[in-house]
Each structure stands twice: as C-alpha cells, then as structure tokens.
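Peer 1: One structure follows; several queries about it will come next.
The values are calculated or read from the model by the stated rules, or taken from the named source; none is laboratory data. If you're wondering where the values come from, they're calculated on a predicted model, not measured in any experiment. Heads up, the Cβs are rebuilt from the backbone with ideal geometry, glycines too, and the neighbour counts pull from every protein chain shown.
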Amino acid sequence: MMYRTHLAFAFLIGLFAINILHPSNQILFMSVVLFSGLLPDIDHPKSKIGSKVKIIGWLFEHRGFFHSLFMLIIASIIAFFISNKIYATAVFIGFLSHISIDAITKQGIMPLHPLSKISIRGFVETSSVLEYLIFFGIIVLSIWKLISF
C-alpha cells in the first residue's frame with residue numbers, strides 16, 4: 001500500500017481506539033499511531049521513513065521481519081518501556097494497521113518471518129485503482145467517525 005493509505009487507515013483505527021482508550025493527550029496518541037502506521041516500511045529504502053535510514057532497507061527484506069508479528073510485539077514492548085501502556089498501545093495499533101492492510105495486497109506479508117516464509121496475500125495491487133478506492137473509502141469512514149464523535 002502507498003504511505004497515504006497507511007496513514008489514512010492508521011488514522012481511522014486510531015479514531016476508534018480513542019473512543020475506547022480515552023488517552024489524556026489525544027493529539028500525541030494519534031501522532032504515535034500515525035508514525036507507527038508508517039514504521040514497518042522502514043525496511044524499504046524508498047519509503048518515507050526508510051529513505052531516512054537506508055541501511056535498514058539494505059539489511060532487511062521488504063515485507064519480511066519488519067512486517068512480522070514479532071516486530072509488532074518488539075516495537076510495542078520498546079514503546080512500553082520508553083513511555084507507558086497507552087502509547088505502547090498506540091504503537092501496537094499503528095503497526096498492526098500497517099501489516100493488516102498490507103496483508104490484502106498481492107505482495108502480502110510474512111507474519112511469522114524469519115521463522116516461516118508462509119505468507120498472507122490478498123488481491124489488491126499497490127497503487128492500483130482499487131487501492132485508491134480503498135483509500136477514499138477509508139477517508140469517508142474517517143470523516144463519518146469524526147462527525148459522529
């Protein structure tokens with residue numbers, strides 16, 4: 001998926017999470033969700049985040065370890081020790097939103113990488129018309145959610 005689709009989906013999921021978790025600083029919570037929604041693509045040297053730390057993209061396979069459930073857990077644990085459980089939850093939500101929506105693409109994800117190369121693949125081609133339709137659908141749902149607060 002394109003970075004904008006990841007941001008939109010993380011934002012939508014973050015809106016639902018705010019209603020459930022009631023973080024004291026909603027702006028910071030959403031910022032963490034959005035950043036974490038882009039974080040798994042750090043393994044791609046041409047991504048928004050990966051272009052800043054290209055060495056990770058050279059060392060790791062794209063949609064490998066950084067798109068796995070193991071990295072999801074590691075990132076959440078690190079966030080817990082750096083801050084607290086609410087922001088660790090924000091990292092978890094953003095990161096999970098990223099790998100979940102990548103799972104519906106034709107490239108898919110390997111959720112148990114590096115232990116297993118088994119992948120979950122979908123039907124959406126990245127940057128296709130279908131992805132744009134999904135993106136706009138997410139935007140519409142986000143606006144609906146914002147209005148219904």
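Peer 1: So R4 passes all but one of these: (1) of a type in the set (D, E, K, R); (2) modelled with pLDDT under 95; (3) surrounded by fewer than 19 Cβ atoms within 10 Å (Cβ to Cβ). Which condition number does it fail?
Peer 2: With (1) of a type in the set (D, E, K, R); (2) modelled with pLDDT under 95; (3) surrounded by fewer than 19 Cβ atoms within 10 Å (Cβ to Cβ) applied to R4, the lone miss is (2).
Peer 1: Let me ask something additional. Pairs only if they're at least six apart or on different chains, beta carbon under 6 angstrom, first in region 1-14 and within 18 Å of G108 (Cα to Cα), second assigned to a loop (DSSP other than H, G, I, E, B) and of a type in the set (K, R); list them, first residue then second.
Peer 2: Going by the 6 Å Cβ cut-off, the qualifying pairs are Y3/K48.
Peer 1: For S100, are the conditions met, namely being hydroxyl-bearing (S, T, Y) and farther than 30 Å from S128 by Cβ? Please lay out each step first, then the result.
Peer 2: Numbers: hydroxyl-bearing (S, T, Y): yes; farther than 30 Å from S128 by Cβ: no.
So S100 does not fit the description; no.
Peer 1: Ok, one more. So which residues in region 70-89 are among the aliphatic types (A, V, I, L, M) and free of Cβ contacts under 8 Å to residues at least 60 places away in the same chain, if there are any at all? Let's see the steps before the verdict.
Peer 2: Taking region 70-89 first, the residues among the aliphatic types (A, V, I, L, M) are 71-75, 77-79, 82, 86, 88.
Selection gives M71, L72, I73, I74, A75, I77, I78, A79, I82, A88.
Peer 1: Would you confirm, using the coordinates I've provided, whether I42 is closer than 14 Å to F9 by Cβ, β-branched (V, I, T) and under 12 Å from the mean Cα position of the chain (by Cα)?
Peer 2: On the way: closer than 14 Å to F9 by Cβ: no; β-branched (V, I, T): yes; under 12 Å from the mean Cα position of the chain (by Cα): yes.
Here the answer is no, as I42 does not meet what is asked.
Peer 1: Does P23 count as buried (at least 17 other Cβ atoms within 10 Å of the Cβ), of a type outside the set (A, V, I, L, M) and outside any helix (DSSP H, G or I)?
Peer 2: Values: buried (at least 17 other Cβ atoms within 10 Å of the Cβ): yes; of a type outside the set (A, V, I, L, M): yes; outside any helix (DSSP H, G or I): yes.
Judged against the criteria, P23 is a match.
Peer 1: Do you know which residues across region 98-149 are of a type in the set (D, E, K, R), in contact (Cβ under 8 Å) with a residue 12 or more places away in the chain, part of a loop (DSSP other than H, G, I, E, B) and out of contact with any Gly (no Cβ under 6 Å at 6 or more places or on another chain)? Full working, then the answer.
Peer 2: First pass over region 98-149, keeping only residues of a type in the set (D, E, K, R): 102, 106, 117, 121, 125, 131, 145.
Then drop every residue that is not in contact (Cβ under 8 Å) with a residue 12 or more places away in the chain, which leaves 102, 106, 121, 125, 131, 145.
Checking which are part of a loop (DSSP other than H, G, I, E, B) leaves us with 106, 121, 125.
K106, E125 - these are the residues of region 98-149 that are of a type in the set (D, E, K, R), in contact (Cβ under 8 Å) with a residue 12 or more places away in the chain, part of a loop (DSSP other than H, G, I, E, B) and out of contact with any Gly (no Cβ under 6 Å at 6 or more places or on another chain).
Peer 1: How many residues does region 32-70 hold that are under 20 Å from A90 (Cα atoms) and at pLDDT below 85?
Peer 2: 0
Peer 1: Let me ask something else. Just to verify a result, which residue in region 31-57, among those that are among the hydrophobic types (A, V, I, L, M, F, W, C) and touching a Leu at 6+ places or on another chain (Cβ under 8 Å), is surrounded by the fewest Cβ atoms within 10 Å (Cβ to Cβ)? Break it down into steps so the answer makes sense when it comes.
Peer 2: Of the residues in region 31-57, the ones among the hydrophobic types (A, V, I, L, M, F, W, C) are 32-35, 38-39, 42, 49, 53, 55-56.
Now narrow it down to the ones that are touching a Leu at 6+ places or on another chain (Cβ under 8 Å): 34, 38, 49.
On the way: L34: 19, L38: 19, I49: 17.
For region 31-57, the residue satisfying everything is I49.
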